[in-house]
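Data first, discussion second: the structure below is written as structure tokens.
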Amino acid sequence: MNAPATETMKTDVVLIGAGIMSATLGTLLKEVAPETTIAVFEQLDTVAKESSHELNNAGTGHAALCELNYTAEQADGSINIQRAIDINEKFKLSVQFWSYLVSKGLIDKPEEFIQQLPHMSFVQGEKDVAFLKKRYEAMVQHPLFKNMTYSEDREVLKQWFPLMMENRDETTPIAATHVPTGTDVNFGALTRKLFAHLDNLGVKTHLNQTVKSFIRMTDGGWAITILDKNTGKTRTHHAKFVFIGAGGGSLHLLQKTGIPESHHVGGFPVSGIFLQCKNPEVAERHFAKVYGKAALGAPPMSVPHLDTRFVNGQRTLLFGPFAGFSPKFLKHGSVMDLPSSVRPHNLTTVLAAGAKNLDLTRYLIEQVKLSKEQRMNELRQFYPDAKSEDWELIEAGQRVQIIKDTPKERGVLQFGTEVISAADGSVAALLGASPGASTSVQAMLVVLQKCFGNKIPDLEARLQAMIPSLGKNLAEHLDLLDHIQTEVRETLGLKNMW
Ligand SMILES: Cc1cc2nc3c(=O)[nH]c(=O)nc-3n(C[C@H](O)[C@H](O)[C@H](O)COP(=O)(O)OP(=O)(O)OC[C@H]3O[C@@H](n4cnc5c(N)ncnc54)[C@H](O)[C@@H]3O)c2cc1C
């Protein structure tokens, strides 16, 4: 995939970073505007080595089937499920696009990147059991969650997650919900497939190339300065449109564009650690993703979960991610990432967020200090019989949360993803990390609509031909939901989707 530094220095589009976001945007662009010339620049020696790598993220196809943080309890005690509905609809956009690519033969072997398995939520103690029951009652009435079941019956729970019920204390009330149609997605494998497909279309991915800076051209395009790590030399590449899909590195690059939209935005890094099971006999006895409830003070996306994962054709078991604090913005980043992201224009934004989130910072620093045995004790909340010798710690990716000023408040720490683009649509960046890769298609559709809406003829119709539910609320189009389900089930080899 590497190309000599002398190759063409001009393309219509430059994608920075070889993760799932750039892979998805490049693939979408080549479908709706095949004549577009694209170059990809990645600073590492291979694609999908940062957050999109299979062992750097949790691989949950986030469809809001088990993540308790997507359904907030309101002051009046009711449960708001709107965020869960939104995320479910967004995940369905991803699944439709992946299914389209497989049906056209553009990527193959879907079993290498998507597997079906139950998604469950598990709680302990009277208060959380009451919460889960109320949440279930709110969700099951909605067509997107109608196959959710709830149980407090230990015999039922033994069938759902036998490993978790062995030697469990009988006195604490427990409950779970179960949705059979969840997924484990190997985002690393998917990213590699998409880049291989792009390579076939002539889109070159230039590895070991670090994007350093940008100059705005008089024709509205960008001159991009790139350091070739192989030779130590820099070169310039021109593009009409730049996508900054650099994961944790996106904020720094966005700031370097100097566009007004990059001001008053900061980043707050959260690191991750998994416990991975090394005993295949244990891994074979659990088949589900089981999400718990976040501890008090924990960031919402760091809810512990015990997950069956499919990595390199092997079934494995991961627990975590444990959140932690590190000033790096990328796993392969620098400890100067956080301090160097603070600029005069975002100083008050970042300071305000820091002052408001001292508890979170304290929590993350304490998490970093946890010993392996303390982490094992957290795992034992899920799997009481877990033995330390069966598990080892592995470092996950970094997630950089967005800090922004809102019309009402300075320095708000956000836990979603957001596309920030220039008013003229010549550059866009993806910031944030959750729900992340699962909703990569929706995020990249936003980039297309914002930056190419008036440049690609019939863009919306072309996109809808690939992704039929685009622009529609599936809960109000149940016949379309059924139609998509049949297609997706067959192409992706899943038993059922929803
Ligand atoms: C612990 C953890 C758990 C997660 N769990 C889930 C989950 O269960 N489900 C889910 O959907 N999502 C999950 N996510 C989020 C998901 O992994 C990310 O949203 C997604 O992988 C981001 O993809 P990306 O392409 O934006 O970034 P990345 O995959 O990080 O790729 C960015 C690339 O840009 C490159 N780069 C950076 N700076 C430069 C530069 N200056 N020049 C050239 N290249 C550069 C990097 O080297 C990297 O390869 C999780 C993330 C973490 C960390």
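The values are calculated or read from the model by the stated rules, or taken from the named source; none is laboratory data. Note that the structure is a prediction, hence the values are computed from the model and not measured. A quick note on method: Cβ atoms are made from the backbone with ideal geometry, for glycine too, and the neighbour counts reach across all protein chains shown. SASA here: full protein model, heavy atoms, side chains in, ligands and nucleic acids out. Shrake-Rupley method; radii C 1.70, N 1.55, O 1.52, S 1.80 Å.
Is it true that Ser51 is within 23 Å of the chain's Cα centre (by Cα), closer than 29 Å to Val211 by Cα and open to solvent by 10 Å² or more (accessible area, probe 1.4 Å)?
Numbers: within 23 Å of the chain's Cα centre (by Cα): yes; closer than 29 Å to Val211 by Cα: yes; open to solvent by 10 Å² or more (accessible area, probe 1.4 Å): yes.
It is true that Ser51 is within 23 Å of the chain's Cα centre (by Cα), closer than 29 Å to Val211 by Cα and open to solvent by 10 Å² or more (accessible area, probe 1.4 Å).
When the residues of region 17-59 are filtered to those that are among the hydrophobic types (A, V, I, L, M, F, W, C) and assigned to a helix (DSSP H, G or I), which remaining residue is farthest from the ligand (Cβ to nearest atom)?
If we filter region 17-59 for residues that are among the hydrophobic types (A, V, I, L, M, F, W, C), which is where we start, we get 18, 20-21, 23, 25, 28-29, 32-33, 38-41, 44, 47-48, 55, 58.
With assigned to a helix (DSSP H, G or I) added as a condition, the list becomes 20-21, 23, 25, 28-29, 32.
On the way: Ile20: 5, Met21: 4, Ala23: 7, Leu25: 9, Leu28: 14, Leu29: 15, Val32: 20 Å.
For region 17-59, the residue satisfying everything is Val32.
How many of the residues in region 216-250 are within 30 Å of the chain's Cα centre (by Cα) and more than 9 Å from the ligand (Cβ to nearest atom)?
Quick first cut of region 216-250, residues within 30 Å of the chain's Cα centre (by Cα) only: 221-229, 237-250.
From the residues that got through so far, the ones that are more than 9 Å from the ligand (Cβ to nearest atom) too are 221-225, 228-229, 237-243.
Selection size over region 216-250: 14.
Out of curiosity, is Asn57 in contact (Cβ under 8 Å) with a residue 24 or more places away in the chain, out of contact with any strand residue (DSSP E or B) (no Cβ under 6 Å at 6 or more places or on another chain) and crowded, with 24+ Cβ neighbours inside 10 Å? So Asn57 passes the test.
Given the condition within 19 Å of the chain's Cα centre (by Cα), within 18 Å of Thr24 (Cβ to Cβ) and part of a loop (DSSP other than H, G, I, E, B), answer yes or no: does some residue in region 81-90 qualify? Scanning region 81-90, I find no residue that is within 19 Å of the chain's Cα centre (by Cα), within 18 Å of Thr24 (Cβ to Cβ) and part of a loop (DSSP other than H, G, I, E, B), so the answer is no. In the set (1) over 23 Å from Asp482 (Cα atoms); (2) buried (at least 16 other Cβ atoms within 10 Å of the Cβ), the condition left unmet by Glu155 is number (2). If the condition is being open to solvent by less than 10 Å² (accessible area, probe 1.4 Å) and either β-branched (Val, Ile, Thr) or under 30 Å from Ile16 (Cβ atoms) (or both), then region 260-282 contributes Ser262, Val265, Gly266, Gly267, Pro269, Val270, Gly272, Phe274, Val282.
Would you check if there is a residue in region 239-250 being small (Gly, Ala, Ser), assigned to a strand (DSSP E or B), crowded, with 21+ Cβ neighbours inside 10 Å and at pLDDT below 95? The answer is no, given that none of the residues of region 239-250 is small (Gly, Ala, Ser), assigned to a strand (DSSP E or B), crowded, with 21+ Cβ neighbours inside 10 Å and at pLDDT below 95.
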